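Below is one structure, written out as structure tokens; comments come after it.
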Amino acid sequence: MKQPPEHTNVRSDMASVKDRIDTKNWMVRIGNLVEESIAKGIYALEQEAPVLTGAPEEKVWYQVPVPEGRCGDGSEYHIYVRKGTCQKLCVFFSGGGIAINEYMAARPVNGGSVAAWLPNYYWNNLRLFTQVMNINVGITKNGADNPFDDWNFLIITYATGDMHVGDCRFPYHVVEGNAADGQKTGEEAILHFHGYKNFMAAMRIGKTLFPTADKLLIAGESAGAFAVPALAEQVVGEFYPACQDVTLFSDSAQLLYRGWKRTLRDVWHARRELWMGVSGRNVTVDWYRGVVVRKGSRFKYLYAGSIRDYLLSAFYNDVTNKVYGTDSQMQEEYYRQMKKMIVDLQNLTPDFHFFLYDWHRPLSMYKGGTIHTAVRQPEFTLRTQDDVTMAYWLYECVEGRPFDVGMQLLKG
């Protein structure tokens, strides 16, 4: 006897769900294998940055352990430094996601989750794989094609989910598939929002290695891009007050969220001055507004962003709709928000300058969106917008010859 159509549909739907689960499982395995293979390759080829034990050699990347530092999972923390051939210094805030609640805290990043588009929100340690994100790429790459090749660098690494400003212990419960060694599903764990203490310890080390700076670039990407306006005044005021040539540069610091003030105050326990001035959904604009009011033309101000950022649009979808994912609709909403954000930054000061880009990569994981950040990606020196590389634009702006790139992209 022929089955009713609805039974056939149910069976078909169940098969479809099973296929999606199987695909996800395979992607998790592939993603974890890729991360593991890259880490093994770094080790086997002896490409891990050496630990600094004496005076640094020029143009060699070093790893510097920070005894008082701590990653989100409680593991050891380190930074990266490189001595250049001049008295110019780049203090760079690394990115790596955020955690603003227990759900996010329980889902740190791993290769499998990234590949399968499972919810994953922040890096919680500095395992060997993370070296590829921090040095020898983009602005941190050695070579004549990088105009910052002769600069000193202090890379403030990031694995705490708090935009470098947190200072507390945050309890959460381990979920299936995210248990670390020694953990069990359901048991309580601690996320160490230790970003601010890591920042201060890193700056003390940086000041020892690079005691003076004739020119200072305070830059960051993603979560680190938010940290630039949040912490730049401390970088200058407490560590390099004599430097009169200071540039602030944020690459991709757009995430509208109504709960920023509460998160800063009650979740991350950030310093009072960081949450007192937050009044709206755009914490980057609020923080830059405060800096401009207090410092005015003392600093130069730069912002860059990808107009339909696949990753930040997914984060916006998550914090707004509780859906981790992106599509053309979310990317268009992100683009609409960017147009307003650029106007808001322009209204703070005419000295704000921009590099906007619409670069894509031919990978399905991007869901049709544009890339997320460029300053520490190969695109920094290899791709152009309006026939200009980000590397050239940034160097010219830092040297006092500012101009804008990609502004016509906002006319769509």
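Taking only Cα atoms, what is the 0 to 90° angle, nearest 10, from helix 5-44's long axis to the longest principal axis of the chain?
It works out to around 30 degrees.
So what is the relative contact order for the stretch 22-411, in percent, with contacts set as C-alpha pairs under 8 Å and at least six apart?
Relative contact order of the stretch 22-411: 15 percent.
For the chain, what percent of Cα pairs sit more than 31 Å apart?
That tail contains 37 percent of the Cα-Cα pairs.
Going by Cα centres, the stretch 260-285 and the stretch 28-73 are how many Å apart?
Here the answer is 32 Å between Cα centres.
Among Tyr310, Tyr103, what is the fewest-to-most ranking by other Cβ atoms within 10 Å?
Lowest count first: Tyr103, Tyr310.
Taking Cα pairs under 8 Å and at least six residues apart, what relative contact order does the stretch 254-311 come out at, in percent?
Relative contact order, the stretch 254-311: 28 percent.
Please give the length that would be gained between Ser364 and Gln183 if that part of the chain were fully extended, namely 0.36 nm times their separation in residues minus their C-alpha to C-alpha distance (nm, one decimal).
Extending this stretch completely gives an extra 61.9 nm.
Could you pull out every one of the lysines with an alpha carbon less than 26 Å from that of Lys322, ignoring same-chain neighbours closer than 8 positions?
List returned: Lys18, Lys24, Lys184, Lys261, Lys339, Lys340, Lys367.
Tell me the volume per residue, in Å³, of the convex hull enclosing the alpha carbons of the stretch 257-355.
Per residue, the Cα convex hull of the stretch 257-355 comes to 101 Å³.
Jot down the radius of gyration and Dmax of the stretch 207-261, Cα atoms only, both in angstrom.
Cα-based Rg and Dmax for the stretch 207-261 come out at 13.1, 40 Å.
Among DSSP beta bridges whose residues both lie in the chain, state the antiparallel percentage, nearest 5.
In the chain, approximately 35 percent of DSSP beta bridges are antiparallel ones.
Suppose the chain between Asp149 and Ser75 were pulled fully straight at 0.36 nm per residue; how much longer would it get relative to their current alpha carbon spacing?
This chain segment gains 23.5 nm when fully extended.
For Ile190 and Glu57, calculate 0.36 nm times their separation in residues minus their Cα-Cα distance, and state this gained length in nm to one decimal.
So the chain would gain 44.0 nm between Ile190 and Glu57.
Students often check this: by mean Cβ neighbours within 10 Å, which of 213-219, 403-409 ranks highest, and how do the rest follow?
By packing density, highest mean first, the sequence is 213-219, 403-409.
Highest GNM mean-square fluctuation, the chain, Cα pairs closer than 10 Å: which of Glu333, Glu187, Glu36?
Answer for the Gaussian network model of the chain: Glu187.
Taking the number of other C-beta atoms within 10 Å as the exposure measure, put Lys197, Lys59 in order starting with the fewest.
Lys59, Lys197
Using the number of other C-beta atoms within 10 angstrom as an exposure proxy, rank Glu176, Glu35 with the fewest first.
Ranking Glu176, Glu35 by Cβ neighbours within 10 Å, fewest first, gives Glu176, Glu35.
Along the principal axes of its C-alpha atoms, what lengths does the stretch 250-302 span, in descending order and rounded to whole Å?
Principal axes ranked by extent give 33, 23, 15 Å for the Cα atoms.
Can you give me the distance in nm between label points at Arg336 and Gln47, each placed 7 Å from the Cα along the Cα-to-Cβ direction?
It works out to 4.3 nm between the two label points.
Provide Rg over Rh for the stretch 89-244; use the alpha carbon set for both Rg and the Kirkwood Rh (inverse mean inverse pair distance).
For the stretch 89-244, the value is 1.02.
Which value, in debye to the nearest 20, describes the size of the charge dipole of the chain about its Cα centre when Lys and Arg Cβ atoms bear +1, Asp and Glu Cβ atoms bear -1, and nothing else is charged?
The dipole magnitude comes to about 760 debye.
So how far, in whole Å, is the C-alpha centre of the stretch 176-236 from the one of the stretch 82-107?
That distance is 5 Å.
Checking the cross-link filter: which lysines have an alpha carbon closer than 23 Å to that of Lys141, excluding same-chain neighbours under 8 positions apart?
Cross-link targets: Lys40, Lys59, Lys83, Lys88, Lys207, Lys215.
Computed from the coordinates by the stated procedures, all read-outs in this text should not be read as laboratory data. This is a predicted model, so every value here is computed, not measured. Cβ sites come from the backbone with ideal geometry, for glycine too, and all protein chains shown count toward neighbours.
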